[in-house]
């Protein structure tokens, strides 16, 4: 750029000499041509530098594609559910209705839960399977409408025991769901069954989350990340 300005300076000096040191018509014409060339050169230099400046801005200006992608991933991570942790609260007096079950989990900063898959179901059953007696019953968080057979929450894992669930009249009040745990782990009577919520059970499936700072530390965690 500096070299160009030196050339333009030499042109200007030459024009000055011709205009003021010479007085022929030929010199005047040459001077005018020189002036036009100098002005054209300056315009070209300005346009070239502007294009270079704009090109640099375009090259160095960061796009927001990466930022948008990172934001999306962060939102996804925040909205994904935390890994669940499970334990069983026991009432050896077998005197726990559904409301009692909910309270038992809340007292330890948990919520009533249900097995997410067959592995969890088996872990819960193995934990409470009695050495003697007929069966144990555990409350879960599942609910069922006996008239429509609709389970909530939608898409929850279910494995019904033989002849279950009981649907239609007179079972319209059998809206709660329990785990049926028999001594014989091979019987098809193991699994889930619907009962009315005032029925009494031996215990309840409780649930918390791995990242919950208030999750209890004095329980026997079963299937799950804890």
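The values are calculated or read from the model by the stated rules, or taken from the named source; none is laboratory data. The structure displayed is predicted, hence computed values, not measured ones. Neighbour counts are summed over all protein chains in view; Cβ atoms, including those assigned to glycine, are modelled from backbone coordinates with ideal geometry.
Worth pointing out:
- Residues that are in contact (Cβ under 8 Å) with a residue 24 or more places away in the chain, loosely packed, with under 15 Cβ neighbours inside 10 Å and within 16 Å of residue 199 (Cβ to Cβ), drawn from the stretch 86-106: 94, 95, 99
- For the stretch 155-167, the count of residues that are touching a helix residue (DSSP H, G or I) at 6+ places or on another chain (Cβ under 8 Å) and either surrounded by fewer than 19 Cβ atoms within 10 Å (Cβ to Cβ) or assigned by TED's automatic domain parsing to the domain that holds residue 89 (or both) is at least one.
- Condition met for residue 208 (loosely packed, with under 14 Cβ neighbours inside 10 Å and either closer than 23 Å to residue 110 by Cβ or assigned by TED's automatic domain parsing to the domain that holds residue 140 (or both)): no
- Selection count, the stretch 85-113, where residues are more than 15 Å from residue 179 (Cβ to Cβ) and in a strand (DSSP E or B): 2
- The listed residues are 84, 104, 123, and the only one of them that is out of contact with any helix residue (DSSP H, G or I) (no Cβ under 7 Å at 6 or more places or on another chain) and within 14 Å of residue 190 (Cβ to Cβ) turns out to be 123.
- Flag for residue 197 being part of a loop (DSSP other than H, G, I, E, B), touching a strand residue (DSSP E or B) at 6+ places or on another chain (Cβ under 8 Å) and surrounded by 13 or more Cβ atoms within 10 Å (Cβ to Cβ): yes
- Qualifying residue in the stretch 131-147 (condition: assigned to a loop (DSSP other than H, G, I, E, B) and modelled with pLDDT of 95 or more): yes
- Residues of the stretch 107-116 classified as in contact with a helix residue (DSSP H, G or I) (Cβ under 7 Å, 6 or more places away or on another chain) and either buried (at least 22 other Cβ atoms within 10 Å of the Cβ) or free of Cβ contacts under 8 Å to residues at least 60 places away in the same chain (or both), total: 1
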